[in-house]
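Structure first, then comments.
Values in this text are rule-based calculations from the coordinates and carry no lab data. Note that the structure is predicted; figures quoted are calculated from it, not measured. With ideal geometry, Cβ positions are generated from the backbone for all residues, glycine too; neighbour counts draw on all protein chains shown.
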Amino acid sequence: MTLRARAAPTPAAAETAALPTHVAIIMDGNGRWAAARHLPRIAGHREGARAVRRTIEAAIHHRIPWLTLYAFSSENWRRPAGEVFDLTGLLRSYIKSELAELAAAGVRLRIIGERDRFPADIQADLAQAEASTADNGKLNLTVALSYGARAELTAAARRIAADVQAGRLAADAVDEATVASRLFTAGTPDPDLLIRTSGEQRLSNFLLWQVAYAELVFQDVLWPDYAEPQFAAALAVFAQRERRFGARPA
Ligand code: IPE
Ligand code: IPE
Ligand code: MG
């Protein structure tokens, strides 16, 4: 399969202004998709991987420069060992089968999360995937793997405390930039639009710091059914939102 290169739209200036720079997605509902078909959960995860491909294509098509996908949370390790094993295997084969095409499509891949919790071969593949796409700039794709915002913020606090203790940093010099620069997402823009599929309306420990002013869009579709029309619908909802960032309404 090749990432389909479709003609990009040439939106009017007003539309361009309403496009998010960074879309983050909590990809939820794989298990329910499988259950509805009397299939094992892994079948839902496999179909979910196809939805990831479609969504990457859609983001490129809509000229979204940053896309972050929540693929596996710190808390997902609590799932039955069989499902964790299946998900790990799927991740392993996904990197191998998709990397060349992602690279050819101009995708830069970044991984956020506790990657050292994965088997060594997967860690090596992830590092290789990041290194080999580091010069690409068409789409900045971040995949959250074994990611949890509380763990991320706790690690940042620990590093700040160590810097203060060692005399490298003054306690009263700690500001928001100090914290942001110690997160996995250091140097990347905050999400403008956060989508969650499957109808659930919660954050499940995803990017708690970074989504402070994101617009939240909850879609009833199960993740394995996600494709360009649903992505376009979320962008349309976003375009209707009035963002204020605490300031007085216009
Ligand atoms: C999302 O689908 C994928 C992961 C969390 C790994 P789920 O597996 O959470 O599917 P549901 O929520 O049980 O339907
Ligand atoms: C959040 O979904 C994590 C991912 C989508 C990777 P979950 O399905 O794990 O979240 P909860 O347990 O319903 O909150
Ligand atoms: Mg779920």
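Would you list HIS61, HIS38, HIS22, HIS45 from fewest to most Cβ contacts within 10 Å?
Fewest-to-most Cβ neighbours within 10 Å comes out as HIS38, HIS61, HIS22, HIS45.
Could you work out the helix-only [θ] at 222 nm for the chain, with each DSSP H run of four or more residues adding -39,500 (n - 2.57) and the total divided by the number of residues, to the nearest 500 deg cm²/dmol?
The per-residue figure over the chain is -13500 deg cm²/dmol.
Cut-off is 10 Å between beta-carbons; in what order do THR178, THR154 appear when sorted fewest neighbours first? Intermediate results must be reported in sequence, preceding the final value.
On the way: THR178 14, THR154 11.
Lowest count first: THR154, THR178.
Which ordering of TYR226, TYR213 is given by a fewest-first count of other beta-carbon atoms within 10 Å?
The fewest-first ordering by Cβ neighbours comes to TYR213, TYR226.
Counting other Cβ atoms within 10 Å, which GluC sites (Glu not before Pro) in segment 160-216 have at most 15 and lie in a DSSP loop?
Here the sparse-neighbourhood loop sites are GLU200.
If contacts are Cα pairs under 8 angstrom and at least 6 residues apart, what is the relative contact order of the chain in percent? Each step should come with its number before you reach the end.
Details: 368 pairs, mean separation 71.3, N = 250.
For the chain, the relative contact order is 29 percent.
Out of residues 5 or more away from THR142 or on other chains, whose amide H comes under 5 Å of its own, with H placed 1.01 Å from N in the peptide plane?
Under 5 Å from the amide H of THR142 lie the amide H atoms of LEU67, THR68, LEU69, ARG110, each far enough along the sequence or on another chain.
Would you mind putting 47-56, 90-99 in packing order, based on average other-beta-carbon counts within 10 Å, highest first?
Ranking, from highest mean packing down: 47-56, 90-99.
Pick from ALA214, ALA157, ALA177: which is most flexible by mean-square fluctuation in a GNM of the chain where alpha carbon atoms under 10 Å apart are linked?
ALA177
Mind checking which of ALA236, ALA129, ALA144 has the largest fluctuation in a GNM of the chain, springs on alpha carbons under 10 Å?
Among ALA236, ALA129, ALA144, the largest GNM mean-square fluctuation belongs to ALA236.
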